[in-house]
Structures are given as C-alpha cells and as structure tokens.
Amino acid sequence: MSNDAGALDDLLHEERRFPPPEGFAEGAVMSDPGVWAEAAEDREAYWASWAAELDWFQPWSRVLEWTPPHAQWFTGGTLNVSYNCLDRHVEAGRGDRPALIWEGEPGDTRTYSYAELLDEVSRFANALKGLGVERGDRVTIYLPMIPEATIAMLACTRIGAIHSVVFGGFSPDSLSDRNNDAEAKVLITADGGWRRGGVVALKANADIALEDSPTVESVVVVARGGALTEQTPVDMADGRDHWYHDLVAAADAECPPEKMDAEDTLFILYTSGTTGKPKGVVHTTGGYLTQVYATTKAVFDLRDDDVYWCTADVGWITGHSYIVYGPLANCAQVVMYEGAPDAPDRGRFWQLCEKYGVTIFYTAPTAIRAFMRWGESWPQSYDLSKLRVLGTVGEPINPEAWMWYHEVIGGERCPIVDTWWQTETGGAMITPLPALTTTKPGTATRPFPGIDVAILDNDGDPTHSGYLAITSPWPSMLRTIWGDDERYRRTYWSKWDGLYFPGDGAKLDADDYVWILGRVDDVLNVAGHRIGTAEVESALVDHPAVVESAVVGKSHEIKGESIASFVTLKEGIDATDDLMSELRDHVGHKIGAIAKPEVVVFTAELPKTRSGKIMRRLLRDIAEGRTVGDTTTLADPAVVKRLQELHEADEG
Ligand code: WT7
C-alpha cells in the first residue's frame, strides 16, 4: 500500500457498510454488544475469564504485574501448551476428532486425529530429550509446510524447549544468524518440500548454515522431498544427523508434559526491524496461549462443526498463532496445505476448500489480489458454499480487493474479519467480531475487547491522523527481544512514556474505526512479509562491486510493496544488466528470495543531506515516479534530476 495521505482520505470517505449477516449472531461465540464495555470495565478480569478456559496445573495468583515496559501475566500459574492443545481434548473424549487435515502439493494427504497427534508429539518429544534437549534449550525448526512442523513445535512445548521457527524460504546465512543468536542446540529440517511442482531443498541449505552454527549439536531430518527414493539426495553427517522417522519409531509414546511457568519463554520468532540484524521476538506461555485461544475462538466465531484453514506459513507469526496454537487449543479441525496456490493450477485453494468443506478461511491481501488477477472463473468452478467467515491479515487491504473477496469468495454472505496485529503482539489486536461489528472495506475496525489503542501525535497527544499506539499491556505481548532488552525498550517503548509503538501510521474515522496507513519506519511490507531496508542494504554492500546502496519501497499491484534499490558501484566497475541480476541473486542468497529487489538503479551518487544522511523520502518519490518533494536540504540538488532520468530509463 502506499502511505499517500491523499489516497487514505479517499478511503475514509468509504460509504459502504456491511452489518453482520441476518441470523449470524444466533449461536455465535460473541453475540453480546456489551462485551467491549464489560472488558473495559475490568480488563484483567476479562482476560482472566479467557485464561480460565485453558487447563492449568496450578492456578495463577496475579493476573497482571506491570512494570513498564515489562509485563507478566498470570504469575504463579503453571500450564503446558501441548497439554492444552492435545491431551485435554483426548481426555474429554474427543481423541478421534480430526486435528490436522494435511494435503501435500502433489496431492498426497495425511490426517491426524487428536489422539494420533498426541501420540506423535509425545514420541518426538522423547526423541528430542534423547538428543539431550532440556527445558529452556533452543531448537531451530526449518521445515516446509508439513505436519512435522506442527508436531515439532508442539513437541518442544511439551518438554519446555524454546522453538525458533525459521521460514523455509530463508537463506543459509539467515538460518545460521538465527541459530547463533538463539544458540540453538538442535536443528529440525527436511530434505526438501514441494513448491510449484519441484522440490525446494532445505537440508542442502541447512548444511551450509551448519558450517557456521557452532552451537548446533544434532540435526533431525524429515524425509519429505524424496530423499529415500534418491529424488533429493542428502548428506547425513555421522553422529550429528538423524532421520526423523528413525527417532520417532524408536521413541516411547508416553511423555508427561512439563509444568511450565506462565512466564516461561514459549518461543522466539525473528522479525525484521530498522537495523540489518533481525530481532528475536520473545513470547511466553500463559498470556500468549490465552490471547491466541481467545481470538481464534471469538474473531473467527469458531464453532464445533467448523473446518478451519489459514493459508499462512508456520515460519511466520500467523502460522504460529492461527495454524498451530490458537486453533488446536480450541480443538478445531485444521486444514494445512504444503504448496503454492497455483499448483497444479490457479484453482488449487478453491479445490481444497470444496474438498474439505472449509468453513473459515484466513489469508492475506496479496493473495487476494493475485486471485483477482487470475480471474473469477477459478473460484467459480468450485463449491464454496460452506464458507461462512473470511479473514485477512498482513497489510492494509484495499477496498477493491475487500469487495472482490466479499463477492466472489464469500458469495456476499460471509463476514470479513480484517485483523491487524504483528509478530510482536502475538495475537489479533484490532479486528471486527463477525456477529457484532459492521465492517467497512479497508479498515480493521476496532480493538478486540480488552485491548486499548490510540492514535497519537509525536508528543503523545490524541489526534485523528498519526501513529498507532497500544496503551495498555495485553496478554500475548512480546516480553523482550532475545538477548537485547535494551533494543526492546528503544524500539517499542521510547517514543512515548509507557506506551507501545508498533511502527504503524493510522487514522481514526467518525465511528472510531482504525485505518492502518502502513509502516512509518524503514521497514517494508512485501507481500505481507516484513523486510528491513537496512537488511537489504547490507546484503547489497556485501557484494564486492558495491560501495553504497539505499533501499526503499515502491507500490506494487499484487505484493502491496516491492523493493527498489539504488546502488553506487566501485570505481571502474561497469553497470551492466548481468551485474544487476547478480546483485538481485546476491540479496536472495544472503537473505532469501523474498528480499530480492525488483528494481536496481545504478547511480554515481545518492541524494544526501549536507550531514551525509541519505534522503529516502526523495528516493521513494523517484521510485514511485512522483513529483519529488523539497530538495533544498540536499548537498547536491542536481542528483535528484540525474536519478530521475536513470530511473525512467530503467523503467522504460
Ligand atoms: C505489520 C506486522 C500479523 C501477522 C502478519 C504480519 C501490517 C498486519 C494488518 C492489517 C493493516 C496490517 C502492519 C503491521 N499489518 N496486519 N490487517 N491491516 N496492516 O506480521 O510481519 O509482524 O508485520 O503488518 O504494518 O505492523 P508482521
């Protein structure tokens, strides 16, 4: 999305209103419009009532201890996440209910009932123990979208190990950085996973990362991509590398769940920030599970007969909270799909919806825009009549895409929940409740009950257009940045006193609905993925031909934003097309394919202030082909003109 204030003003004039469909409130999880007021009256009691729906070994003694910027929720309480996601449902007689309904890209399928999932998780938890993994140890998970990803996460939580899931699209360098920052003891990976008809190798990447991951003692490898039939041969290092299937077959099926403190770390998930080094966002146990449990149930109106599908990857927070922990804690029937939405054809998602009778579908605006581009005939070839709630997350959804989702996918009968949240918030924060909220295309509407937000200016005063702030602690908030509490304070809590700054700009309309404008820092949102401009810049200058680089976002029809880079080469090096693609590959190699710049402009100089600061605002104007703003503070105003010409030549 563009952060263009003018465009947003147009959005605020959106006249369309979509009240909850007739009859929807009947039997709905949340049907009392008094819930916001009730929660505001006693926020702690409200969250405690959700926490009480989980199973605790030991009840908490205090709901919240708040010493800004550090919150502790449900202190004194003990629980286990895998117990809450599995054992308690089996003990309630629901062991035969499908927990995970998985389909591979080639069309192979596997379904685990709750009892089967418990059995597999327990075995793998014992296997991890056998590799010496203890409470508090870190385990990196680098897997495709296969059941073992869910199983590995739950197995870690069962024994109190801290997982750090690394998206399978990340490069070896990104993987070793994360292994080293977390000091991971074990890495869980696969030979490869299926994507658009081919196998994306993972173990081969992991092997490169392992050359520079000294803390990793053992590697577990899932055979997914055909390693066993020599389709994707892998090297197994003696003593270090183990096949998942061997470990599980040899493991005991009884593994008592560890009693974890509510504030024990559950997982670390790395996300991009404004420096070149990703941040290890730390989530803890009791508060996190409470909020993802509550929001899965309330935001999607999750009922017993629902079939729930979230299309995210477990490598991102959406996968953690809304494929694994929230749905399983609710005993949901969860669909999981390995591959691409256009493999073998562009009807794949709708074919899966029809086949499994999906009733709740949660995806991203970038995917919706791709579906729009592919045309209505794909979804129209399938029976989507079981769908009843649609969700979106990842970036502001443009009203056109919202309307298409509503009409073509939802058949004009499904409420759309546009959920605003972040890796750091752990769970949904600003979102409609489907039986209660009148939605408008393009806004995430109002905060979830028990969540307090405000739109503030730089000084912390309320305004209608400014920065989004979260003004009270919430259960699933990040607790710190792994190994860097100072960065935690600086990044999120230094803008205003005691208030959380998410990094987004926002506006409030006359109904007090929040309209998110996008990031206000040097963080890009490319196809719903967070990428720091500084990360891409350091990957570019890492190339021997490059002296300096500046990276900005540029609006993109499908991805929302794409990456534009301006690069200064070393003296005597020619700016060729070959070098351009070499640089793009270099970034892909350093970070991952998602970070490859779409545009590379070679330039002899970058627009800088007299003090030497690169003026990204001007580069954004150039990348967008807009009239360039004030250049009077530039050391050399002529630079802009030359860059515009270069950029135009590049576009043409
Ligand atoms: C950033 C967080 C939450 C999981 C996916 C992304 C943007 C997210 C929305 C939405 C407008 C949104 C924000 C936020 N964002 N959802 N519904 N409307 N913007 O997680 O990588 O941590 O990115 O995504 O800019 O700060 P993430």
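Here GLY427 fulfils each of the conditions (1) open to solvent by less than 10 Å² (accessible area, probe 1.4 Å); (2) more than 16 Å from the ligand (Cβ to nearest atom) apart from (2). Checking each residue in the range 269-280 for being within 12 Å of the ligand (Cβ to nearest atom) and over 12 Å from the mean Cα position of the chain (by Cα) picks out GLY273, PRO278, LYS279. For the range 193-232, the set of residues classified as at pLDDT below 95, assigned to a loop (DSSP other than H, G, I, E, B) and surrounded by 14 or more Cβ atoms within 10 Å (Cβ to Cβ) consists of GLY225, GLY226, THR232, listed by residue number.
Against the test of being of a type outside the set (Phe, Trp, Tyr), in contact with a strand residue (DSSP E or B) (Cβ under 7 Å, 6 or more places away or on another chain), in contact (Cβ under 8 Å) with a residue 40 or more places away in the chain and away from the ligand (no atom under 16 Å from the Cβ), the options VAL541, VAL546, VAL536, VAL551 yield a single qualifying residue, VAL551. Annotation: GLY560 fulfils all but one of (1) free of Cβ contacts under 8 Å to residues at least 60 places away in the same chain; (2) in contact with a helix residue (DSSP H, G or I) (Cβ under 6 Å, 6 or more places away or on another chain); the unmet one is (1).
Restricting attention to the range 494-521, the residues that are away from the ligand (no atom under 13 Å from the Cβ) and touching a helix residue (DSSP H, G or I) at 6+ places or on another chain (Cβ under 7 Å) total 1. Exactly one residue among SER476, SER494, SER549, SER565 is polar (S, T, N, Q) and under 21 Å from the mean Cα position of the chain (by Cα), and that residue is SER476.
TYR244 falls short on exactly one of the conditions (1) open to solvent by less than 50 Å² (accessible area, probe 1.4 Å); (2) in contact with a Gly (Cβ under 9 Å, 6 or more places away or on another chain), and that condition is (2).
Is it fair to say GLU548 is in a helix (DSSP H, G or I) and not hydroxyl-bearing (Ser, Thr, Tyr)? Spelling it out, it is not the case that GLU548 is in a helix (DSSP H, G or I) and not hydroxyl-bearing (Ser, Thr, Tyr).
Could you say whether any residue in the range 621-638 is closer than 30 Å to VAL166 by Cα and open to solvent by less than 90 Å² (accessible area, probe 1.4 Å)? No, the range 621-638 has no match at all. Within the range 575-582, one or more residues are assigned by TED's automatic domain parsing to the domain that holds LEU618 and either open to solvent by less than 20 Å² (accessible area, probe 1.4 Å) or in contact (Cβ under 8 Å) with a residue 40 or more places away in the chain (or both).
The residues listed here are LEU86, LEU131, LEU154; of these, the one that is within 18 Å of GLU258 (Cα to Cα) and open to solvent by 10 Å² or more (accessible area, probe 1.4 Å) is LEU131.
Candidates are the residues of the range 395-417 that are over 24 Å from ILE531 (Cβ atoms) and small (Gly, Ala, Ser); the one that is most open to solvent (accessible area, probe 1.4 Å) is GLY411. Counting the residues of the range 341-368 that are within 16 Å of the ligand (Cβ to nearest atom) and either of a type in the set (S, T, N, Q) or at pLDDT below 95 (or both) gives 2. In the range 167-186 there is at least one residue that is assigned to a strand (DSSP E or B), assigned by TED's automatic domain parsing to the domain that holds GLY286 and closer than 19 Å to LYS277 by Cβ.
Among the residues of the range 49-76, those that are open to solvent by 20 Å² or more (accessible area, probe 1.4 Å), touching a residue at least 12 places away in the same chain (Cβ under 8 Å) and more than 26 Å from the chain's Cα centre (by Cα) comprise ASP55, TRP56, PHE57, GLN58, PRO59, TRP60, SER61, ARG62, VAL63, TRP66, GLY76.
Results for (1) hydrophobic (A, V, I, L, M, F, W, C); (2) open to solvent by 20 Å² or more (accessible area, probe 1.4 Å); (3) farther than 19 Å from TRP102 by Cβ, shown as yes or no for each residue.
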position: ASP301; (1), (2), (3): no, no, yes
position: ALA312; (1), (2), (3): yes, yes, no
position: TRP316; (1), (2), (3): yes, yes, no
position: SER321; (1), (2), (3): no, no, no
position: TYR325; (1), (2), (3): no, no, no
position: ALA329; (1), (2), (3): yes, no, no
position: MET336; (1), (2), (3): yes, no, no
position: GLY339; (1), (2), (3): no, no, no
position: PHE349; (1), (2), (3): yes, no, no
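Residues that are outside any strand (DSSP E or B) and more than 16 Å from GLY528 (Cβ to Cβ) within the range 553-567 are absent altogether.
The values are calculated or read from the model by the stated rules, or taken from the named source; none is laboratory data. Computed from a prediction, not measured in an experiment: that's the story for all the values here. Cβ atoms come from the backbone with ideal geometry, glycine included; neighbour counts cover every protein chain shown. Only protein heavy atoms, including side chains, enter the accessible area calculation; ligands, DNA and RNA are left aside. Shrake-Rupley method; radii C 1.70, N 1.55, O 1.52, S 1.80 Å.
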